[in-house]
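Structure record follows, encoded as C-alpha cells.
The values are calculated or read from the model by the stated rules, or taken from the named source; none is laboratory data. Every value quoted in this text rests on a predicted model; they were computed, and no experiment measured them. Glycine also receives a Cβ, built like all others from the backbone with ideal geometry; neighbour counts cover every protein chain displayed.
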Amino acid sequence: MKRSIFLAAGLLLLNLTASRVFSQTTQDTTKKTTQDTTKAAAPAVEGASDVVGALASNADYSTALTAVKAAKLDSVLKVGGPYTIFAPHNNAFNALPAGKLDSLLKDPVKLGALLKGHVVMGKYGKKEIIAALKAGKGKAAVTTLDGQTLTLSLAGSKLQITNAAGSSAQVTLFDLVGANGIVNGINGILMPK
C-alpha cells in the first residue's frame, strides 16, 4: 500500500513537472515566433515586383523614389538585376542646401549621375554584407552602376559606406526586398567629385 502511494505521488509529481515544462516551452516558442515574425515583417517586402517597388514601399524614402523617377532610372531598375540601392532617407535630401534638390530634379542627367553612385549590381542585403565584411577583414568594396567604388566598413557598430570622393553615410535600414534586388536605407547622400 505504501508503495502504491509513493508510486502515485511520483506520477503526480512527474505529471506536474511535465506540464510546467510543456507550458514554458509553448510560451517561449510563441514569444520567439512572435518576435521573429515581427522582426522579419518590418523591413521585408517580399511581394514587391522589382527594386523600385521595394523603394516605393517605405514612405521614408519617397524623395529617393521621386529622384529615381525624375532621372528616368526607374525604367533601368525595373528590369535585369539583381540591384542593390543604397537609398538616402528623406531627411538626407532635406539636409541639402536650399534649392539644391529642386535644381537636381530639373536636371535628369546630373541627377542620374548622382543616383547611379548609390546603385550597385548584385544583391547586398544584411547577410551578404556581413559575409563580405568578414571575408575582407572589416572592409568590402562594391562597384556602382557608373563604375565608382563604394567601400563598406564598420564605424563602431554601424555600417558605413564611403565613395571615391570621400562622401560617406551610414546604413540605417536593411533589406527592403524586391523581385530583382534590395534597398538598404542610408542617412546621407553620397556626393560625387
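Of all residues in the stretch 88-113, those being over 24 Å from Gln160 (Cβ atoms) and not in a helix (DSSP H, G or I) number 4. Of the residues making up the stretch 73-87, those that are out of contact with any helix residue (DSSP H, G or I) (no Cβ under 6 Å at 6 or more places or on another chain) and more than 10 Å from His118 (Cβ to Cβ) are Ser75, Val76, Val79, Gly80, Gly81, Pro82. Every residue in the stretch 64-87 that is within 24 Å of Ala164 (Cα to Cα) and not hydrophobic (A, V, I, L, M, F, W, C), please. Matches in the stretch 64-87: Gly81, Pro82, Tyr83, Thr84. Only residues that are touching a residue at least 24 places away in the same chain (Cβ under 8 Å) and among the hydroxyl-bearing types (Ser, Thr, Tyr): list them for the stretch 130-156, please. Passing the criteria: only Thr144. With respect to Phe174, determine if the residue is in a helix (DSSP H, G or I) and either touching a helix residue (DSSP H, G or I) at 6+ places or on another chain (Cβ under 6 Å) or not assigned by TED's automatic domain parsing to the domain that holds Asp74 (or both). Here the answer is no, as Phe174 does not meet what is asked.
Of the residues Ala70, Ala64, Ala87, the single one that is of a type in the set (A, V, I, L, M), within 20 Å of Lys110 (Cβ to Cβ), surrounded by fewer than 21 Cβ atoms within 10 Å (Cβ to Cβ) and at pLDDT 95 or above is Ala70.
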